[in-house]
1. Would you mention how many residues in the stretch 152-172 are in a loop (DSSP other than H, G, I, E, B) and of a type in the set (D, E, K, R)?
2. Taking residue 284 and the conditions (1) of a type in the set (Val, Ile, Thr); (2) open to solvent by 40 Å² or more (accessible area, probe 1.4 Å); (3) modelled with pLDDT under 85, which numbered condition does it fall short on, given that it satisfies the others?
3. Considering 244, 221, which residue is of a type in the set (Ser, Thr, Tyr) and under 24 Å from residue 317 (Cβ atoms)?
4. Please go through the stretch 315-344 and give me each residue that is part of a strand (DSSP E or B) and open to solvent by 30 Å² or more (accessible area, probe 1.4 Å), ordered by number.
5. Out of all the residues in the stretch 132-146, which are open to solvent by less than 10 Å² (accessible area, probe 1.4 Å) and either closer than 15 Å to residue 319 by Cβ or modelled with pLDDT under 95 (or both)?
6. For residue 211, only one of the following conditions fails: (1) open to solvent by less than 70 Å² (accessible area, probe 1.4 Å); (2) without any contact (Cβ under 8 Å) to a residue 40 or more places away in the chain. What is its number?
7. Restricting attention to the stretch 348-379, and to residues there that are among the charged types (D, E, K, R) and not in a strand (DSSP E or B), which single residue is modelled with the lowest pLDDT?
Amino acid sequence: MNKKLIALLLATLPAAAMADVTLYGDIEADVENGKALNYNQQGQNPVNGATFSPALKTVSKIDDTGSYIGFKGNEDLGNGLKAIWQVEQGLNVDGTSGNGSGNFYGGTWATRDTFVGLSSNFGTVKLGHISTYLNSDMEKVDPWIYGAGVNGLGTLTFNDTRLKNAIRYDAPQFVPGLKISAMYGFDETRNLRADGSRSDQGQYAFGLGYENSGFYGDLGYAAERDAGANLNQTAYYWRAEAGYNANNLLVAAAYQQTKTYGSNATFVIQGVGTANVAQDLANVNARINGGDANGDVKQDEAALTVGYTIGAFTPMASFAWGGDVKTNGTKLNDTGYKQWVLGVNYALSKRTNSYISYGQKKYDSGIGNVLNFANGTDKENTVAVGLQHKF
């Protein structure tokens, strides 16, 4: 065989080997101005000099609002069976990381959905670091692009996350438009309880959804075993969403309930949350339950979003409500919140989007008494102008 031909064939091998790999991603950032607890500001008590959080002051910043890059692919194994894989990494285009970034991504690799699995007519199984149904298939009620501010419904969707050491199964659509999902995240640490027995803080999640002619409904549930400091309770949250999303119109409603335990819980309630959520939850319980910092904390929340696309413009509006917190069955009066967001997206192209949005979140009067809020910390607000490009 001609040596030049052999060289040409060898040169094409890497391209052939990579033919089933797709590179994709999302680069986005905004300019923000406002006051937000997630800006991680701290203040100082003028009486005793002690440091406390939060201390809200007006801040201007550039914030990454959710950039990422991903690689995915598949291999046909025959008889309708496919091997699938994905590696997805969050980015920080503003040069910050961790709590300093609007998307809170640190420096580790594969921070987003990363898995290997199999797909067939019997469904799809994935192993790895995987989103719950609430995170991957819901959130139509929160269409906003935002970072650490309150110009989006990050309070409502705060617990939508990914489970590590997880296995997820998605059933085939037995009925067109029907989605069924179940997953489990293994606890590979197995810490000891107070009595010396091994705990199991495994997490599990389920999802059920149906969509037809633009109308849709979804129900998601996630829970963690042995969640409290006593390692014998189960923390959970669930959310139901329903609405219409077609013909340029979006109408989405949601109702959610969260139950967590003291300062050691995975699922936190943002209606009583600050930059130091764990301590705040402990304060709630200790103040109402005679020092029981590990009691349960429960809150109900609801939201409504409406948007309509006119040409390249999509104006939207959202309202969210958090009810009064209950701890060990006792209601804490005036410990909820109210939030609204207004904004408009402008599509520069099919892949590039610009937007401006404003959000305000106000805590009820009782929150300050429970959490030792500093003066002026009962209200957060954020205005943002941003740009997003998908590839």
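1. First, pick out the residues of the stretch 152-172 that are in a loop (DSSP other than H, G, I, E, B): 152-161, 171-172.
Narrowing further to those that are of a type in the set (D, E, K, R): 160.
Final tally of qualifying residues: 1.
2. (2)
3. Values: 221 fails: under 24 Å from residue 317 (Cβ atoms).
Just a single option satisfies the conditions, and that option is 244.
4. Correct list: 315, 317, 319, 321, 326, 330, 331, 338, 340, 342, 344.
5. Filtering the stretch 132-146 for residues open to solvent by less than 10 Å² (accessible area, probe 1.4 Å) gives 132-134, 141.
141, the sole residue that qualifies.
6. Of everything listed in (1) open to solvent by less than 70 Å² (accessible area, probe 1.4 Å); (2) without any contact (Cβ under 8 Å) to a residue 40 or more places away in the chain, residue 211 misses just condition (1).
7. Let us first name the residues in the stretch 348-379 that are among the charged types (D, E, K, R), namely 350-351, 361-362, 364, 378-379.
The next check asks that each one be not in a strand (DSSP E or B); those that pass are 350-351, 364, 378.
Values: 350: 95, 351: 97, 364: 83, 378: 75.
In this case the residue turns out to be 378.
Here's the yes/no breakdown for (1) within 20 Å of the chain's Cα centre (by Cα); (2) in a loop (DSSP other than H, G, I, E, B); (3) at pLDDT 85 or above:
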site	(1), (2), (3)
207	yes, no, yes
211	no, no, yes
220	yes, no, yes
245	no, no, yes
250	no, no, yes
254	yes, no, yes
260	yes, no, yes
274	yes, yes, no
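The values are calculated or read from the model by the stated rules, or taken from the named source; none is laboratory data. On a predicted model such as this, the values are computed, not experimentally measured, just so you know. Cβ coordinates were reconstructed from backbone atoms using ideal geometry, including for glycine residues, and neighbour counts include every protein chain displayed. Just the protein is used for accessible areas: all its heavy atoms, side chains included, with ligands, DNA and RNA removed. Shrake-Rupley method; radii C 1.70, N 1.55, O 1.52, S 1.80 Å.
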